[in-house]
1. If r is the Cβ-Cβ distance from residue 284 to residue 84 and R0 is 35 Å, what FRET efficiency results, to the nearest 0.05?
2. Could you derive backbone 3J(HN,Hα) for the stretch 107-124 from the dihedral phi with the Karplus parameters 6.51, -1.76 and 1.60 (θ = phi - 60°), listing whole Hz in sequence and x where the residue is Gly or Pro?
3. Kindly state, to the nearest 0.05, the FRET efficiency for residue 260 paired with residue 2, given R0 = 41 Å and r defined as their beta-carbon distance.
4. When you count, for each residue, the other Cβ atoms within 10 Å and take the mean per peptide, how do 138-149, 249-260 rank with the highest first?
5. Convert each backbone phi in the stretch 11-23 into a coupling constant with the Karplus relation 6.51 cos²θ - 1.76 cosθ + 1.60 (shift: θ = phi - 60°), then list the ³J(HN,Hα) values in order as whole Hz, x for Gly and Pro.
6. Relative contact order for the chain using alpha-carbon pairs under 8 Å, separation at least 6, rounded to a whole percent?
7. According to the square roots a ≥ b ≥ c of the eigenvalues of the Cα gyration tensor, what is the shape class of the chain, taking rounded for a/c under 1.5, prolate for a/b larger than b/c otherwise, and oblate for the remainder?
8. Mean 1/r over all different Cα pairs, inverted: what Kirkwood radius does the stretch 207-286 give, in Å?
Amino acid sequence: MLSNATLDKTYELRRREVRQTVGYLYSKAGSPVNVGEQMFLTILNVVTSMLWGGTVEGEARASLGAEFRQVISETTELLGMPNISDFFPTLAPLDLQGAVKRMKKPMDKLNAIIENIIDQRLKKERESGSSSALEFKDFVQFLLQLKDDEDSKTPLTMDHIKALLLDMVVGGSDTSSNSIEFVMAEIINKPEVMRRAQQELVEVVGKDNLVEESHIHKLPYLLAIMKESLRLHPALPLLIPHCPSESCTVGSYSIPKGSRVFVNAWAIHRDPSIWDNPSEFNPERFLNSQWDFSGNDFSYFPFGSGRRICAGIAMAERMVLYSVATLLHSFDWKVPEGNNLDLTEKFGIVLKLEKPLVAIPTPRLSDPTFYE
Ligand code: HEM
């Protein structure tokens with residue numbers, strides 16, 4: 001589902017959602033909008049339509065999207081909370097901070113949403129006679145077939161399927177939308193960066209044309225902006241906790257088997273022995289640089305590294321670049337009069353802006369049909 005070949009085939013899904021967001025922003029032209037919320041809804045719809053073909057529209061888009069965002073936010077907040085049970089596992093059964101108890105409510109809600117989706121899919125299959133009768137094969141359909149395949153080398157249970165779907169929705173939506181929010185906040189904070197990115201878009205896309213995903217490989221300055229924003233604000237600042245299956249030694253530290261290892265990518269990305277003026281937002285440092293998202297260089301790895309590297313890098317790169325390119329090509333952005341742009345970060349397993357980015361879009365394209 002996340003390979004470049006499949007992503008090429010599902011471009012229409014991303015395009016449809018991004019165009020819908022542009023239409024919404026056009027209807028709000030001149031008024032403040034919550035950028036992160038809009039981007040969350042856009043990504044949520046893209047991820048869910050790739051997983052099970054379902055999108056949220058109209059009124060339901062705002063209400064289900066807001067509910068989903070709240071539940072995912074609660075879950076990721078609890079996941080990232082320092083928990084005494086992690087450091088003293090013998091205390092875990094006591095759940096001293098009540099983390100396990102508090103996790104139950106959002107997890108029950110997420111489970112109910114996912115179960116409902118699987119039930120609907122099974123019902124549809126029963127009605128149509130077979131799964132292959134469905135119009136197009138999405139991830140849920142693929143997993144359900146794999147579960148029923150007796151010769152499969154990967155035995156799957158319904159719990160595995162639910163966990164995989166949750167992983168994708170939670171892992172894909174909050175990370176990508178927060179990353180887009182940080183990119184936009186940094187750009188709005190530095191008007192010269194916004195102008196240069198828009199100039200690049202005019203040269204590559206033109207003003208009488210729409211941004212397409214195929215353009216993003218021709219926008220080196222925009223890619224440098226994404227890399228620089230992920231350097232300062234990696235979506236998962238401590239990656240995802242790792243757990244070695246064997247005792248090992250790393251950089252002369254011995255790591256016992258089974259210990260919980262947090263890698264502080266946030267601090268490495270701001271290490272003054274690696275980066276000049278580490279706290280400055282300066283996309284130029286990434287123009288013609290050796291740093292990429294492969295995780296092969298331990299001074300820059302916003303998607304992690306090695307066997308557990310992010311499974312969604314290709315999709316994240318497409319979604320972030322395509323969304324930001326479209327937002328900047330279609331609109332000028334500023335914060336409401338009298339408001340200061342506050343880039344203070346809020347730490348958790350997912351890094352967020354302490355104060356959500358609220359900004360005003362002003363259309364830049366003369367032809368109103370580009371906003372339909
Ligand atoms: C800008 C957006 C994103 C960022 C910055 C990001 C970052 C990361 C990071 C740092 C990890 C942990 C890697 C490690 O511990 O070494 C991870 C894991 C993962 N990500 Fe992403 N991610 C993003 C978007 C996505 C998307 C769009 C999807 C899928 C729809 C996705 C799916 C996953 C999955 C499934 C894992 C777990 C991989 C495993 O444990 O084998 N991510 N991501």
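1. Values: r = 44 Å, r/R0 = 1.25.
Once rounded, the FRET efficiency stands at 0.20.
2. 5, 4, 5, 4, 4, 5, 4, 5, 4, 4, 5, 5, 4, 4, 5, 5, 5, 4
3. Details: r = 27 Å, r/R0 = 0.65.
With R0 = 41 Å, the Cβ-Cβ based efficiency is 0.95.
4. Details: 138-149: 16.8, 249-260: 9.5.
Output ranking for 138-149, 249-260: 138-149, 249-260.
5. Calculated HN-Hα couplings, in order: 4, 4, 5, 5, 4, 4, 5, 5, 5, 4, 5, 4, x Hz.
6. Working: 471 pairs, mean separation 95.1, N = 372.
RCO, the chain: 26 percent.
7. Working: a/c = 1.61, a/b = 1.13, b/c = 1.42.
Cα axes put the chain in the oblate bin.
8. On the way: mean 1/r = 0.0642 Å⁻¹.
15.6 Å is the Kirkwood radius here.
Computed from the coordinates by the stated procedures, all read-outs in this text should not be read as laboratory data. All values derive from a computational prediction rather than experimental measurement. Glycine gets a Cβ as well: all are built from the backbone with ideal geometry, and neighbour counts include every protein chain shown.
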